[in-house]
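Derivation of every value follows stated rules applied to the coordinates shown; laboratory data play no part. Keep in mind that what you see is a predicted model, and the values were worked out from it rather than measured. Glycine also receives a Cβ, built like all others from the backbone with ideal geometry; neighbour counts cover every protein chain displayed.
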Amino acid sequence: MGLFGLFKKKEETSVTLPQTDTERWIVGTYAMWSEYAEGDWHYFAGSVSKNRQEGASMRLMLRRDWEVNNRDTLLEMVRWLTASYDGESACTEDVLAAGAWNLCRACQILGMGFVGDYISREEMIAKSVQVGKQMQRLYHSWAELYASYLKGYKEWKMEQGGDWPKEISEREILCDQLRMDPQGPCSVPWDLELG
């Protein structure tokens, strides 16, 4: 492999690992997706490394599931997911009850866009912080965020059909495990000053 190969592998791995509490907080907002998608919640978009294969996988998922194929369509999708939550007056109780589903997915696809090379790490963090501040304004704890995420997921999953009771149950168990783990994603203080 040689010295260059070892250095490159270490660099690829470390670039997806959060370095600050703000970055760890961001990863916590979509840890449930990372784990459900057979990734590792400790890393951006659940990706232990940022390499050609992971990038291609993220671009495929973004294109297939989100109709995102470049930086502009990625940022437009984030705007679409978050627009309903910009002003407190725009959020009815019903919208707010399931709104974390969209907000968490906005952070998720920003992470995917970073691993897929649509945006830089810096831009991913900056945009995720904006979404995170919306979350902190609308919800008061990780428990509230995860409960709202699950409500939105349930509504979406029931519309999709299939074996939705089983999939909803699996996601609920996963969210509970992540939320209750003392070393888990919710161990970062909810009211952390993001920046």
> What fraction of the Cα pairs in the range 108-176, stated in percent, has a spacing above 15 angstrom?
Replying inline: 64 percent
> With +1 on each Lys and Arg Cβ and -1 on each Asp and Glu Cβ, how big is the dipole of the chain about its Cα centre, in debye rounded to the nearest 20?
Replying inline: 600 debye
> What is the Cα centroid distance between the range 57-74 and the range 110-185, reported in whole angstrom?
Replying inline: 18 Å
> For the chain, what is the calculated [θ] at 222 nm in deg cm²/dmol (nearest 500), taking -39500 (n - 2.57) for each run of four or more DSSP H residues and dividing by its residue count?
Replying inline: -22000 deg cm²/dmol
> To the nearest 10 degrees, how steeply does helix 52-66 sit against the main Cα axis of the chain, on a 0 to 90 scale?
Replying inline: 20 degrees
> Pick from ILE173, ILE109, ILE119: which residue has the top mean-square fluctuation in a GNM of the chain where Cα pairs under 10 Å get a spring?
Replying inline: ILE173
> Build a GNM of the chain with springs between Cα atoms under 10 Å: which of VAL27, VAL115, VAL15 gets the top mean-square fluctuation?
Replying inline: VAL15
> In whole Å and largest first, what semi-axes does the C-alpha gyration tensor of the range 38-135 yield when each eigenvalue is scaled by 5 and square-rooted?
Replying inline: 25, 13, 12
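Under 10 °C and 1.306 mPa s, how fast does the range 62-195 diffuse according to Stokes-Einstein, given a Kirkwood radius computed over C-alpha pairs? Answer in µm²/s, whole number.
On the way: Rh = 15.7 Å.
Translational diffusion coefficient: 101 µm²/s.
Cross-chain or 8 or more residues apart, Cα under 19 Å: how many lysine pairs in the chain fit that? Count them up, please.
Numbers: LYS8/LYS50; LYS9/LYS50; LYS10/LYS50; LYS151/LYS166; LYS154/LYS166; LYS157/LYS166.
Close lysine pairs under the 19 Å cut-off: 6.
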